[in-house]
């Protein structure tokens, strides 16, 4: 290979380099991908001008710290897509038989990425490089080299063996097209060998979905301090405040006391000053581009990773309510009040779900959560009793949805769920009347949510389900429909919704929840 590099060094026009380099030194440098990436490639800047690629600090940091698996939650326009695609292009050129792919959110975006980033950089390489590594095929979405390498930009790569994979704006894909997100998770990501390189980057569009789960898992791994395996995702986070270009004249922007208080808290959290010029940029950007919306700014230009997840999504039924609960500190450590009974609210379909609740003054405290994996009622009640014994509390009422009074297929002969739970020792069972319009019930839950305090540890899985309680995405119309996505998260939402519907009935002119008749059985007249 040294002979090839020597031939390449002698063929390169020195005018195409940043500065003249001695031939022997150039041979050495050409073998180094870090030097090639930082000195040989051209990109289009934010004004559309062709400029030599000189990595920004965050891009340079990524190149020095890249791992086998990488996940990047980020602020907008931080340049990660550019540096990843240059890295992949360089590997395809200089390492034979390298397979690389970029997955984009749609076909038009894929075409734009290929033409304006990858093909743009290839076309401006020194002529000697392009001559020594000639192309075999060149289409509008892919390039294949004669030495066996290829790079493709598409919306899917199932069935392709890759050494490099870049998934661009995965958070947007997860928020808008869950089926596409699952195809990437199940088809594209496994196509990369464990010693290949995967980079998944995006703004955080929603606290729920594959991308958010990847980020949270990588963050949890980072916090343990353990050494990463090649299959672990390494977390890279880029905020807006460490970007040199995000500044403007503070004399032209009014910064309120509330905003200054925000920046003061942020400075304490990140351990560095936020300059007046950066404060001015942030306030002006929020006002002029996002109509003054804090939440939109947190999504597109997060100050911290925690803030990136304190957002709502139009595709999630409870995203605003959960975001407000997090901002208000109502998803927290919720203490058990021993003197108060613990009520339960159920969903009975599929994996049975139970939320455990105490009424504490005006507040609804959710102190525990239980989800079965298809076990019978006896197993669910056994776990409930174990938790009551462990924490030394007594049961209040048990609220079942309307089908708690209905015999289900496969159930014991002439037994309803309420009958079976009664036989297992639960008392004070009440049936929450059926609501004809489920969307009305969801609205009642949204209204009721302002009174909720949820234990972040014992209800961790329940919170995750509430975050994932989604609407149906209509691909043809490109909008979310007011229907419930059957993604497995709806059962926990249905269970907690019984509390809101019960409370609404109690407030109504005739309303109170309907107690189960003590003589109810399959033989009742």
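The values are calculated or read from the model by the stated rules, or taken from the named source; none is laboratory data. Being a predicted model, the structure only gives us computed values, none of them experimental. Note that we place each Cβ from the backbone using ideal geometry, even for glycine, and neighbour counts take in every protein chain shown.
Test residue 258 against the criterion of being touching a residue at least 24 places away in the same chain (Cβ under 8 Å) and either in the same structural domain as residue 88 (by TED's automatic domain parsing) or surrounded by fewer than 22 Cβ atoms within 10 Å (Cβ to Cβ) (or both), and give yes or no.
No, not satisfied.
Pick out the one residue from 441, 396, 404 that is assigned by TED's automatic domain parsing to the domain that holds residue 471, touching a strand residue (DSSP E or B) at 6+ places or on another chain (Cβ under 6 Å) and assigned to a helix (DSSP H, G or I). Can you show your working first?
On the way: 441 fails: touching a strand residue (DSSP E or B) at 6+ places or on another chain (Cβ under 6 Å); 396 fails: assigned to a helix (DSSP H, G or I).
The conditions single out 404.
Report every pair of residues separated by at least 6 positions or lying on different chains whose Cβ atoms are under 6 Å apart, first residue within the stretch 172-190 and not assigned by TED's automatic domain parsing to the domain that holds residue 469, second part of a helix (DSSP H, G or I) and surrounded by 23 or more Cβ atoms within 10 Å (Cβ to Cβ).
Cβ pairs passing all conditions: 174/211; 180/173; 181/173; 181/174.
Filter the stretch 300-310 down to the residues that are closer than 11 Å to residue 286 by Cα and surrounded by 23 or more Cβ atoms within 10 Å (Cβ to Cβ) and list them by number. Write out each step before concluding.
Keep residues of the stretch 300-310 that are closer than 11 Å to residue 286 by Cα, which gives 300-301.
301, the sole residue that qualifies.
Could you tell me which numbered condition residue 476 fails, if it satisfies all but one of (1) in contact (Cβ under 8 Å) with a residue 12 or more places away in the chain; (2) assigned to a loop (DSSP other than H, G, I, E, B)?
(1)
Can you pull out the residues in the stretch 198-222 that are within 20 Å of residue 487 (Cα to Cα), out of contact with any strand residue (DSSP E or B) (no Cβ under 7 Å at 6 or more places or on another chain) and either outside the structural domain of residue 75 (by TED's automatic domain parsing) or not in a loop (DSSP other than H, G, I, E, B) (or both)?
Residues satisfying the conditions are 210, 212, 213, 216.
Give the residues of the stretch 96-117 that are surrounded by 14 or more Cβ atoms within 10 Å (Cβ to Cβ) and closer than 26 Å to residue 6 by Cα, sorted by residue number.
Residues satisfying the conditions are 98, 99.
For the stretch 1-30, which residues satisfy the criterion of being exposed (fewer than 14 other Cβ atoms within 10 Å of the Cβ) and either in the same structural domain as residue 56 (by TED's automatic domain parsing) or not in a helix (DSSP H, G or I) (or both)?
Of everything in the stretch 1-30, those that are exposed (fewer than 14 other Cβ atoms within 10 Å of the Cβ) and either in the same structural domain as residue 56 (by TED's automatic domain parsing) or not in a helix (DSSP H, G or I) (or both) turn out to be 1, 13, 18, 19, 20, 22.
Please give the number of the condition residue 52 fails out of (1) touching a strand residue (DSSP E or B) at 6+ places or on another chain (Cβ under 9 Å); (2) in contact (Cβ under 8 Å) with a residue 40 or more places away in the chain; (3) surrounded by 13 or more Cβ atoms within 10 Å (Cβ to Cβ).
Status for residue 52: all satisfied but (2).
Determine, yes or no, whether residue 374 is assigned to a loop (DSSP other than H, G, I, E, B) and farther than 27 Å from residue 469 by Cβ. Working first, answer last.
Numbers: assigned to a loop (DSSP other than H, G, I, E, B): yes; farther than 27 Å from residue 469 by Cβ: no.
Considered against the rule, which asks whether it is assigned to a loop (DSSP other than H, G, I, E, B) and farther than 27 Å from residue 469 by Cβ, residue 374 comes out as no.
So which of 278, 296, 306 is farther than 27 Å from residue 466 by Cα and either part of a helix (DSSP H, G or I) or not assigned by TED's automatic domain parsing to the domain that holds residue 465 (or both)?
Values: 296 fails: farther than 27 Å from residue 466 by Cα; 306 fails: farther than 27 Å from residue 466 by Cα.
Criteria check complete, one pass: 278.
Which is assigned by TED's automatic domain parsing to the domain that holds residue 154, touching a residue at least 60 places away in the same chain (Cβ under 8 Å) and over 23 Å from residue 180 (Cα atoms), of 78, 69? Walk me through how you get there before you give the answer.
Values: 69 fails: over 23 Å from residue 180 (Cα atoms).
Result of the check over 78, 69: 78.
Could you tell me whether any residue of the stretch 38-53 is part of a helix (DSSP H, G or I) and either modelled with pLDDT under 85 or closer than 27 Å to residue 237 by Cβ (or both)?
So in the stretch 38-53, the residues part of a helix (DSSP H, G or I) come out as 38-39.
Retained after the next criterion (residues that are either modelled with pLDDT under 85 or closer than 27 Å to residue 237 by Cβ (or both)): 38.
Scanning the stretch 38-53, I find at least one residue that is part of a helix (DSSP H, G or I) and either modelled with pLDDT under 85 or closer than 27 Å to residue 237 by Cβ (or both), so the answer is yes.
Could we say that residue 43 is closer than 22 Å to residue 246 by Cα and free of Cβ contacts under 8 Å to residues at least 40 places away in the same chain here?
On the way: closer than 22 Å to residue 246 by Cα: yes; free of Cβ contacts under 8 Å to residues at least 40 places away in the same chain: no.
For residue 43, the condition - closer than 22 Å to residue 246 by Cα and free of Cβ contacts under 8 Å to residues at least 40 places away in the same chain - is not met.
Any residue that is in contact with a helix residue (DSSP H, G or I) (Cβ under 6 Å, 6 or more places away or on another chain), touching a residue at least 24 places away in the same chain (Cβ under 8 Å) and over 20 Å from residue 59 (Cα atoms) - is there at least one of those in the stretch 112-122?
No: the stretch 112-122 contains no residue that is in contact with a helix residue (DSSP H, G or I) (Cβ under 6 Å, 6 or more places away or on another chain), touching a residue at least 24 places away in the same chain (Cβ under 8 Å) and over 20 Å from residue 59 (Cα atoms).
Out of the strands (runs of 3 or more DSSP E) lying entirely within the stretch 74-171, which hold 3 or more residues that are farther than 20 Å from residue 185 by Cβ and touching a strand residue (DSSP E or B) at 6+ places or on another chain (Cβ under 9 Å)?
Because the criterion is at least 3 residues that are farther than 20 Å from residue 185 by Cβ and touching a strand residue (DSSP E or B) at 6+ places or on another chain (Cβ under 9 Å), the strands (runs of 3 or more DSSP E) in the stretch 74-171 that meet it are 135-138, 142-145.
Pick from the stretch 59-76 the residues that are surrounded by fewer than 21 Cβ atoms within 10 Å (Cβ to Cβ) and closer than 19 Å to residue 303 by Cα: which of them is modelled with the highest pLDDT?
Of the stretch 59-76, the ones surrounded by fewer than 21 Cβ atoms within 10 Å (Cβ to Cβ) are 60-61, 63-68, 76.
Now narrow it down to the ones that are closer than 19 Å to residue 303 by Cα: 61, 76.
Numbers: 61: 91, 76: 83.
Restricting to residues being surrounded by fewer than 21 Cβ atoms within 10 Å (Cβ to Cβ) and closer than 19 Å to residue 303 by Cα, the top hit is 61.
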